[in-house]
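The values are calculated or read from the model by the stated rules, or taken from the named source; none is laboratory data. Here the structure is a predicted model, which means the values were calculated and not measured. As a convention, Cβ positions derive from the backbone with ideal geometry for all residues, glycine included, and neighbour counts pool all protein chains shown.
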Amino acid sequence: MIRLANICKHYLLGEVVLSILKGVTLHIAPGEFVAIMGPSGSGKSTLLNIIGCLDVANNGAYHLDEIPVTHLVDDELSNIRRTKLGFVFQMYNLIPRISALRNVELPLVYAGIAPQERKRRAFEALERVNLADRAGHIPAQLSGGQQQRVAIARALVNEPSVIIADEPTGSLDSVVSAEIMDVFTTLHGQGKTIIMVTHEENIAGYAQRILRLRDGRLESDEKR
C-alpha cells in the first residue's frame, strides 16, 4: 500500500540547509498498525506529514496504492487526502460551535455529499466509536476522550484506506489513553491501516510494528 524509497526532506533557513529526513526507505502493507517513534528532531512528524500528503519530499519516491504521490500537484494531493486518508491529531481540531455530528460531517461537505447522506454516514461513524448518544453535543460539552472519539469518527467518515494519527493520546491521561487505543485496536481488527506517531512506549505497544527514527534516518524496524 505505502512505499517510500530514499525519502529526503530539507528546509532552507536563510543560507543554511536544515536536513530533516536523510534517505528513509520503508514499505507498509494494507492492514498494518504501525507506530513511528524517535526523539525530538528525529523527523517522525515530518515523515508522517509526507505519508499524509501534507508535505512533499525534496528527493525520493512515494507511492500510495500504486499512485506516484511524489509527482502530484496541490489539487491532486488534496484529492488524495480527501479520499484515501483520515487524520487524527493530538488537539482534536474540532470546530467549537458546532455539534459532534456536524464536525464529523465536515469531510463529506467538502466531498459534495448530499445533506441527508452526510448525516447518515456521520451518525454511523459516531456509532463506530460508541459516541452516538453525544451526537448533538458541542465539543465544550465533551470530555477530552470524547472529543478524540469525535475526531476519530471524522477521520473514518470517508472510509479512508489509511488513518494517520499524530500523538492521538498526547493530551489525555493514562486511563482515557487506553480507551482511545482500544478504539484504534478495534479499527485495526476491522482491517484499517493505521500509522501513528507517539513518544510513549506503552502507546506504541498497541501497534504490531514500531519504526524508530534518529537524526532523520530509520534506525530500526521492529515487528511485534
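Just to be sure, is Ala125 touching a helix residue (DSSP H, G or I) at 6+ places or on another chain (Cβ under 7 Å), among the aliphatic types (A, V, I, L, M) and at pLDDT 95 or above? Lay out the reasoning, then the answer.
Numbers: touching a helix residue (DSSP H, G or I) at 6+ places or on another chain (Cβ under 7 Å): yes; among the aliphatic types (A, V, I, L, M): yes; at pLDDT 95 or above: yes.
The answer is yes for Ala125.
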Note to self: Checking the condition crowded, with 19+ Cβ neighbours inside 10 Å and either under 25 Å from Pro30 (Cα atoms) or of a type outside the set (A, V, I, L, M) (or both), which residue from Leu72, Leu85 passes?
What the structure shows: Leu85
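Please go through the range 125-146 and give me each residue that is within 12 Å of Leu156 (Cα to Cα) and either aromatic (Phe, Trp, Tyr) or in contact (Cβ under 8 Å) with a residue 24 or more places away in the chain (or both), ordered by number. Steps first, answer last, please.
To start, the set of residues in the range 125-146 that are within 12 Å of Leu156 (Cα to Cα) comprises 125-129.
Result: Ala125, Leu126, Arg128, Val129.
Among the strands (runs of 3 or more DSSP E) contained in the range 1-84, which hold 3 or more residues that are over 25 Å from Pro168 (Cα atoms)?
Correct list: 2-13, 16-28, 59-64.
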Item checked: Single condition Pro68 does not satisfy, out of (1) out of contact with any Phe, Trp or Tyr (no Cβ under 8 Å at 6 or more places or on another chain); (2) at negative phi; (3) modelled with pLDDT under 95 -> (1)
Next item on the list: Would you check if there is a residue in the range 54-61 being free of Cβ contacts under 8 Å to residues at least 24 places away in the same chain and surrounded by fewer than 20 Cβ atoms within 10 Å (Cβ to Cβ)?
Entry: yes
Item checked: Neighbours by Cβ (under 9 Å, 6+ apart or cross-chain): first from the range 197-222, surrounded by fewer than 18 Cβ atoms within 10 Å (Cβ to Cβ); second hydroxyl-bearing (Ser, Thr, Tyr) and part of a helix (DSSP H, G or I) -> Glu200/Ser177; Asn202/Ser174; Asn202/Ser177
Item checked: Residue, nearest to Ile36 (Cα to Cα), within the range 165-176, restricted to residues that are of a type outside the set (Val, Ile, Thr) and surrounded by 22 or more Cβ atoms within 10 Å (Cβ to Cβ) -> Ala165
